[in-house]
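> Before I ask anything, let me first share the structure, which is written out below as structure tokens.
The values are calculated or read from the model by the stated rules, or taken from the named source; none is laboratory data. Values in this document were obtained by computation on a predicted structure and should not be read as measured data. For neighbour counting, all protein chains shown are included, and Cβ atoms are generated from backbone atoms with ideal geometry for every residue, glycine included.
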Amino acid sequence: MPRFSQRILVVALCLWAVLDAHSAEPSYTIAVIPKGTTHEFWKSVNAGAVKAQRELTARGTKVELFWKGPLREDDRDQQIQVVENFMARRVSAIVLAPLDYQALVRPVHNAVRAKVPVVVIDSDLKSDEYVSFVATDNYKGGQLAGQQMGKLLGGAGNVILLRYAVGSASTEAREAGFLDVLKTNYPGIKLISADQHAGATRELAYQVSQNLLNRFGREVNGIFCPCEPPTIAMTKALRDLGLAGGKVKMVGFDAGSQSVTDMKNGDVQGLVVQNPLLMGYLGVVTAVKHLQGEKVDKRIDTGVVLVTPENMNEPAIKELLYPPLSQYLN
């Protein structure tokens, strides 16, 4: 064989080896679908997903991430459509925070049958066909809120529970944990309202909060809200009516920047805080592990803590209150 032809053959073989090596690298497309895209909580989940993508890619597992969800957390039809669209695109896996534990069952089952595995995060689904559930122990979080409320009121007083939304498994579990603690441990606390729902936006929650305070403002001693939008809205309503600053004890959920400011200013006496960045991170990591054939736990607890004015400056707590979103999001 002529020397020139030998050189061409050697170059071709080298190119083939390089291409073959690249083709051997694992590559996945992961769709992360939150309940909504406006609240700070979901921005932290997004940051965690991006963190996982970067680390996996740096270790040789290429991950292309798609982040898409409904604008509002009450738009079931939109979230179902997003799930169906990614199923039709045959992404490698879906990481889903279902905004309704029943309405999203069929779309998830359809995705699984189409060989698109689903990891559920944040809020449970009335199904066992998902790969894993990566979330807070929401019932425990509600219990922490109930214990804080009982402590703040000295075991006696009138309390309002402002619920979030029908069908939201995460917040319903928190509400149940809160009520169970009051019933079991604090019989001297009377529940004067527990049948109102805040809705998916701060604006709706503020209107409901105003209505509740106009009705019960003279007799209420403590209020619990089970997630970010109603917590911020109710605190604002308390301020506007001159009931903040500890006059009415306020216990909320999630570490939105406004809620943290409200605690600093003395208007919030307790926040039950999750780790949404870890939730997004482990959601993506768990999906990739499953795709690579690894066994994963059916339930993964991402932790929950009670933050108070007394402990909010501790280093471990500050990491939860001020997640490094700018490192991962543009």
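> Quick check on this structure: which one of Val268, Val285 is at pLDDT 95 or above, aliphatic (A, V, I, L, M) and farther than 23 Å from Thr171 by Cβ?
Checking each option against the conditions leaves just Val285.
> Can you name the number of the only condition in (1) more than 24 Å from Glu310 (Cβ to Cβ); (2) surrounded by fewer than 18 Cβ atoms within 10 Å (Cβ to Cβ); (3) of a type in the set (A, V, I, L, M, F, W, C) that Leu213 fails?
Failed condition: (2).
> Do we find that Arg163 is in contact with a Phe, Trp or Tyr (Cβ under 9 Å, 6 or more places away or on another chain) and either basic (Lys, Arg) or in the same structural domain as Glu73 (by TED's automatic domain parsing) (or both) in this structure?
So Arg163 fails the test.
> Condition test on Lys236, is it modelled with pLDDT of 95 or more, buried (at least 18 other Cβ atoms within 10 Å of the Cβ) and farther than 21 Å from Ala135 by Cα?
For Lys236, the condition - modelled with pLDDT of 95 or more, buried (at least 18 other Cβ atoms within 10 Å of the Cβ) and farther than 21 Å from Ala135 by Cα - is met.
> With Glu228, Glu314, Glu310 as the choices, which residue is more than 20 Å from Leu191 (Cβ to Cβ) and within 19 Å of the chain's Cα centre (by Cα)?
Glu228
> Among the residues of the stretch 108-119, what is the count of those that are in contact with a helix residue (DSSP H, G or I) (Cβ under 8 Å, 6 or more places away or on another chain) and either under 20 Å from Lys298 (Cβ atoms) or among the small types (Gly, Ala, Ser) (or both)?
Number satisfying all stated conditions: 7.
> In this structure, does Ser132 turn out to be out of contact with any Gly (no Cβ under 9 Å at 6 or more places or on another chain), of a type outside the set (A, V, I, L, M, F, W, C) and touching a residue at least 60 places away in the same chain (Cβ under 8 Å)?
no
> Continuing with this model, one more query. Is it fair to say Ala165 is in a loop (DSSP other than H, G, I, E, B), hydrophobic (A, V, I, L, M, F, W, C) and surrounded by fewer than 24 Cβ atoms within 10 Å (Cβ to Cβ)?
Yes.
> Identify all residues within the stretch 266-288 that are of a type outside the set (A, V, I, L, M) and buried (at least 17 other Cβ atoms within 10 Å of the Cβ); write none if there are none.
Matches in the stretch 266-288: Asp267, Gln269, Gly270, Gln274, Asn275, Pro276, Gly280, Tyr281, Gly283, Thr286.
> To continue, here is another question. Find the residue count for the stretch 297-330, including only residues that are surrounded by 13 or more Cβ atoms within 10 Å (Cβ to Cβ) and of a type in the set (S, T, N, Q).
So the count comes out to 2.
> Being in contact (Cβ under 8 Å) with a residue 24 or more places away in the chain, more than 20 Å from Gln143 (Cβ to Cβ) and not β-branched (Val, Ile, Thr) is true for just one of Gln269, Gln207, Gln258, Gln274. Which residue is that?
Gln258
> In addition: Name the one entry in Pro34, Pro98, Pro107, Pro70 that is of a type outside the set (Phe, Trp, Tyr) and either in contact with a His (Cβ under 8 Å, 6 or more places away or on another chain) or over 30 Å from Ala255 (Cα atoms) (or both).
Pro107
> Another question, then. Among (1) over 25 Å from Leu325 (Cβ atoms); (2) in a helix (DSSP H, G or I), there is one condition Arg218 misses while meeting the rest; what is its number?
(2)
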